[in-house]
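Trainee: Below is one structure. I have some questions about it.
The values are calculated or read from the model by the stated rules, or taken from the named source; none is laboratory data. Everything numeric in this text was worked out from a predicted model, so none of it was measured. Here the Cβ positions follow ideal geometry from the backbone for every residue, glycine too, while neighbour counts run over all protein chains shown.
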Amino acid sequence: MIDHKIGTREEWLAARLELLEAEKALTRQGDQVARQRQELPWVRVDKEYRFETDEGTASLADLFEGRSQLLIYHFMFGPDYQAGCPSCSAIADGFNGSVVHLADHDVTLCAVSQAPLAKLQAYKRRMGWSFPWASSFGSDFNYDFRVTHTKEEWQSGVVEYNFRSMDVRPSESGEENPVLVEFASSVGTDWPTYRQQGPGMSAFALEVDEDEDEDDVVYHTYSTYERGVDGLWGMFQWLDRAPLGRNETGFWWRRHDEYDSQ
């Protein structure tokens, strides 16, 4: 039996019009927040970072691929992972279709992970993805942008993530939390190894020296972490409009090739 309020079409319409006002207010607030993002001061990136890509070794400026804007998704795939994070994988399922539209709008979308390139390439083939994916293995990039933490940081309980210090170690009882165990198992590691990585995205702008007298300048413009990437998870946007919402119970999502046939 359905456990939900049942009403007439007139009652539904009255409630829907009330909701519409709330949705419009949220849209306007979202527009204002977007303007605040774009008004953040830009920070020059002077440090040299090297990445491994399908085309060879690249600098941060090279990842722009000739465009003036770069969006990087910090994909959780550590050197000790045997597969990519299933949550990041669900988010990345939406990248292929967006890449061409963003590129035509002078924006390059690229994923970056700490795992060696060969692991990323093999997983990319498995998932059927074509978007750019670079390895930051051996680079400080992940550490500097606070999406990878050292074992010492993790063990100390003081990790800087999402612009605050936090302790991401599970409690003593949490060590046996079946959801945490399943998350770690899904990438072939234990929980401490899994949680040395964190999800996020960062944005950059490129200033090209037209005279070629000096190097091009890269600026860091924005980063977000944790639920800040919810908006990139297309599946969530659909579920938020479904009758039962996200209806989250435990670790309910999987990589797209791991669901039982329907």
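Trainee: Has the range 152-159 got at least one residue that is under 21 Å from GLY250 (Cα atoms) and modelled with pLDDT under 95?
Mentor: no
Trainee: Scan the range 91-112 for residues that are out of contact with any helix residue (DSSP H, G or I) (no Cβ under 6 Å at 6 or more places or on another chain), touching a residue at least 60 places away in the same chain (Cβ under 8 Å) and not β-branched (Val, Ile, Thr) and jot them down.
Mentor: Result: ASP93, single match.
Trainee: Moving on to the next point. Among the listed residues SER130, SER98, SER89, which satisfies the condition of being crowded, with 22+ Cβ neighbours inside 10 Å, small (Gly, Ala, Ser) and closer than 23 Å to GLN237 by Cβ?
Mentor: Checking each option against the conditions leaves just SER89.
Trainee: OK, next. Please give the number of the condition GLY188 fails out of (1) at pLDDT below 95; (2) part of a loop (DSSP other than H, G, I, E, B).
Mentor: (1)
Trainee: If you don't mind, there's one more thing I want to ask. I need the full set of residues from the range 116-153 which are within 21 Å of GLU48 (Cβ to Cβ) and without any contact (Cβ under 8 Å) to a residue 40 or more places away in the chain, in order please.
Mentor: TYR143
Trainee: For the range 108-160, how many residues are outside any loop (DSSP other than H, G, I, E, B), aliphatic (A, V, I, L, M) and within 19 Å of the chain's Cα centre (by Cα)?
Mentor: Residues that pass the stated criteria total 8.
Trainee: Please pick out the residue among PHE75, PHE51, PHE64, PHE95 that is in the same structural domain as PHE137 (by TED's automatic domain parsing) and touching a Cys at 6+ places or on another chain (Cβ under 7 Å).
Mentor: Answer to the check: PHE75.
Trainee: Also: Go through (1) in the same structural domain as GLY128 (by TED's automatic domain parsing); (2) modelled with pLDDT under 90; (3) surrounded by 14 or more Cβ atoms within 10 Å (Cβ to Cβ); (4) assigned to a loop (DSSP other than H, G, I, E, B) and name the single condition ASP215 misses.
Mentor: Looking at each condition in turn, ASP215 falls short on (3).
Trainee: Picking from VAL147, VAL158, which residue would you name as being hydrophobic (A, V, I, L, M, F, W, C) and closer than 30 Å to GLU65 by Cα?
Mentor: Just one listed residue meets the conditions, VAL147.
Trainee: With the structure loaded, tell me whether ASP80 is in the same structural domain as PRO199 (by TED's automatic domain parsing) and over 21 Å from PHE204 (Cα atoms) or whether it fails that test.
Mentor: So ASP80 fits the description; yes.
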